[in-house]
There are 2 protein chains.
Amino acid sequence: MEKLGFNPRTTAYPMPVALVGSTVDGRPNFMAVAWFTKVNSRPPMIMVALGKHKHTAQGIKENNCFSVNIPGEDKVTETDYCGTVSGRHEDKSTLFDVFHGNTKAPMIMGCPINYELTLTDTIETPGNNLFIGEVVGAYVDEDKRTGETPDLTKAKPFMLIESPPSHYHGLGHQVAEAYNVGKRLKQPKT
Amino acid sequence: MEKLGFNPRTTAYPMPVALVGSTVDGRPNFMAVAWFTKVNSRPPMIMVALGKHKHTAQGIKENNCFSVNIPGEDKVTETDYCGTVSGRHEDKSTLFDVFHGNTKAPMIMGCPINYELTLTDTIETPGNNLFIGEVVGAYVDEDKRTGETPDLTKAKPFMLIESPPSHYHGLGHQVAEAYNVGKRLKQPKT
């Protein structure tokens, strides 16, 4: 198979989509974000990457807290809207029913999974703020669980596919059992 | 709908899976990573979060470069193996056919998408190194494109679902067009 170059700015893997919540000028605001990841296990920490001049960045700096809400497929329209319009120009505060944990970070009732975070560190890249938060609360809709645990096949999160054209895709079929399917592949000892 | 708490250490969203390549003690080594994200657009930068004592972390520090390879579903067994066994104990150097760009970062021929990165910054969380790299090369299999661009419906990347039990899932159906479906949702001006 021949390898060919492509534009290095193209993100060629699926990105899970979240709505990042913050309080800005006293109002709840939400922004769609596809650049985020876990960055620590004990304590649990999530990092979100946002443009430095985003309205949400202002809110996180003001209140030292934010939320990461995972929308289901039924909220794809609202999520897309929150990714294309700034809270500086349109008021997103009444778009969702909001609840709070122990911080000022607004969370979305209509999203099946919600994380509440306190800001622990801010890193700068040339164009973005990387906000690292410690997870201080995690909430799931009662009917989106199996046993005590969130069940993503019920929560129906979606991913952003950028290369092209840009679409949101749902979660597909089960490919294999993690931490198990590779066990048979022993390699020589070093 | 009632909101219930869950273990804040549980990652309750799909995580794309990559194989991070580095040269360690002169040998190519690959580690499966689900904690990574884009963190800058111009120039393109990707961040990967790895345990501080990982063999791969040593290789990145030694050579100031690494690769991010996106496996297709046909490599799920090898990927899972690379996520469960350290290169410190078993020799992963012959598991894949390797190619190089302009750095010492080994890339995997059998993965349809490959990014080559030079290390620009290292951040520490309590348990992890966050390695930020600038993308200096991007490669795609000739037959995994539509036009000039990588096509993920052909590349067939997969996601790790942690909550429970842990499985890999493929990309599912198209939910909506991004940067478009939300346009109808005008909210009041601020």
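The values are calculated or read from the model by the stated rules, or taken from the named source; none is laboratory data. As the structure is a prediction and not an experimental result, all values here were calculated from the model. No Cβ is skipped: glycine too gets one built from the backbone with ideal geometry, and neighbour counts run over all protein chains shown. Please note that ligands, DNA and RNA were not included when accessible areas were found on the heavy atoms of the full protein model with its side chains. Shrake-Rupley method; radii C 1.70, N 1.55, O 1.52, S 1.80 Å.
List of remarks:
- Search result, residues across segment B:1-60 that are among the small types (Gly, Ala, Ser) and farther than 22 Å from B:Ile161 by Cβ: B:Gly21, B:Ser22, B:Gly26, B:Ser41, B:Ala57, B:Gly59
- Evaluation of B:Leu185 against the conditions (1) out of contact with any His (no Cβ under 6 Å at 6 or more places or on another chain); (2) facing another protein chain (nearest Cβ under 8 Å); (3) surrounded by fewer than 22 Cβ atoms within 10 Å (Cβ to Cβ); (4) within 30 Å of A:Ser41 (Cα to Cα) shows that the sole unmet condition is (4).
- Residues of segment A:154-190 that are farther than 30 Å from A:Asp80 by Cα and not in a loop (DSSP other than H, G, I, E, B): A:Ala176, A:Glu177, A:Lys189.
- Pick from segment A:1-46, criterion of a type in the set (Gly, Ala, Ser), modelled with pLDDT of 95 or more and assigned to a loop (DSSP other than H, G, I, E, B), ranking: most open to solvent (accessible area, probe 1.4 Å): A:Ser41
- Checked against the criterion of being basic (Lys, Arg) and modelled with pLDDT of 95 or more, the candidates A:Lys154, A:Lys183 yield just one match: A:Lys154.
- Residue within segment A:159-169 that is closer than 29 Å to B:Asp151 by Cα and among the polar types (S, T, N, Q) present: yes
- The single condition among (1) within 30 Å of A:Lys156 (Cα to Cα); (2) at the interface with chain A (Cβ under 8 Å from one of its Cβ atoms); (3) open to solvent by less than 10 Å² (accessible area, probe 1.4 Å); (4) not hydroxyl-bearing (Ser, Thr, Tyr) that B:Val175 does not meet is (3).
- Pairing residues of segment B:118-132 that are within 14 Å of B:Lys54 (Cα to Cα) and of a type in the set (Gly, Ala, Ser) with residues that are open to solvent by less than 60 Å² (accessible area, probe 1.4 Å) and not in a strand (DSSP E or B), at Cβ distances under 9 Å and at least 6 apart in sequence or on separate chains, gives B:Gly127/A:Ser41; B:Gly127/B:Lys52.
- Residue in segment A:64-71 that is in contact with a Lys or Arg (Cβ under 8 Å, 6 or more places away or on another chain) and at pLDDT 95 or above present: yes
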